[in-house]
Amino acid sequence: MLNLLSSSKSDIYEPQRQGNFAANIRQYTLLVCLTLLLCGCQTSRRVATSDRRPFDFQHDTFAYANELVWEYHYDEHGKWVSHARHPAPDYSHHCFVVARSARQFFEHARFEPTQPVADATTYQQLIHQVLALGANHELPDSRKVVIPGYADLHSFSQAWESLLKSECGGAWQSYLQRGHWRMIGWFSRQQQEKVARQLTAAIQDKRPPVVHLVRFPQLTINHAVVLFDAAETDQEINFTVYDPNNPVTPTHLIYDRVTRTFQFPANDYFPGGRVDVYEVYRGWFY
């Protein structure tokens, strides 16, 4: 989900003028109260960690990629530059959609390869059932949506790529992800240390978090990935990452305990370096 801010930031972030400050405060207070009330209605029973399986890159990821609109490279002066890809991709700006959907299938779906393959209408309905629950909602295996005819999400998405691309959500859902407001806030070292602890705890609990990688106000990266493993040492935490842009091999996100910063490696869309990190799809505000 790169270059979204540069192409649409005036539409998404330009503040609207308000006429009555007192009325706005009342409306905002009412909205917060309503949100908190709804949050209380959305809680679900947490499935015991012992009853859960870990996220598996080979089985729990999509076989297709979120494609890049731009090609990136260093020019002869050592500057990181980009130019439009030709031909233009037909599935791009979906990194949040792909990452969120992978988490939803992990939480809500159970694949049954011994059952016969179904038709497109049946799979469309099953996909809608999987996506109807929030990414942070948990179901025991007995209540999960059964996907017949396939062993896992990877093989299912190989066979039904077009259907999944059309049903999992449009690029607008990446533009308007509810947690985008957080990227404009201050990311202190203390706050990033807290995030690292929370992400590690979630992975140990076999609940792979979806995180937003940013360098706001720089636009070098604005991307969503799924974390599914964490190796800790005294110096760092090495998070293993499912990147929607790369369905072939996992990558890594490194948290440096000394500097209390996250580092994301160089790849074909990011020159590498420090990123700010926060989890999304974890509540009503993010």
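The values are calculated or read from the model by the stated rules, or taken from the named source; none is laboratory data. Not measured: the values here are computed from a predicted model. Cβ atoms come from the backbone with ideal geometry, glycine included; neighbour counts cover every protein chain shown.
Odds and ends about this structure:
- One residue stands out in segment 195-240 among those that are over 17 Å from ALA266 (Cα atoms) and of a type in the set (Phe, Trp, Tyr): the one that is surrounded by the most Cβ atoms within 10 Å (Cβ to Cβ), namely PHE228.
- Residues of segment 252-286 satisfying the condition of being farther than 30 Å from ALA132 by Cβ and of a type in the set (Val, Ile, Thr): ILE254, VAL258, THR259, THR261, VAL275
- Annotation: THR259 fulfils all but one of (1) of a type outside the set (Gly, Ala, Ser); (2) modelled with pLDDT under 95; (3) part of a loop (DSSP other than H, G, I, E, B); the unmet one is (2).
- Checked against (1) farther than 16 Å from SER166 by Cβ; (2) surrounded by 12 or more Cβ atoms within 10 Å (Cβ to Cβ), HIS94 passes all but a single condition, namely (1).
- Any hit, segment 52-75, residues being in a helix (DSSP H, G or I), closer than 26 Å to PRO113 by Cβ, modelled with pLDDT of 65 or more and of a type in the set (Lys, Arg): no
- The single condition from (1) more than 22 Å from THR259 (Cβ to Cβ); (2) assigned to a strand (DSSP E or B); (3) aliphatic (A, V, I, L, M) that ALA202 fails is (2).
- When segment 127-143 is limited to residues that are surrounded by fewer than 19 Cβ atoms within 10 Å (Cβ to Cβ) and touching a strand residue (DSSP E or B) at 6+ places or on another chain (Cβ under 7 Å), the one that is modelled with the highest pLDDT turns out to be GLN129.
- Matching residues, segment 208-242, being of a type in the set (Gly, Ala, Ser), more than 14 Å from VAL280 (Cβ to Cβ) and in contact with a helix residue (DSSP H, G or I) (Cβ under 7 Å, 6 or more places away or on another chain): ALA230
- Restricting attention to segment 144-195, the residues that are of a type outside the set (A, V, I, L, M, F, W, C), at pLDDT 90 or above and more than 26 Å from ALA65 (Cα to Cα) total 7.
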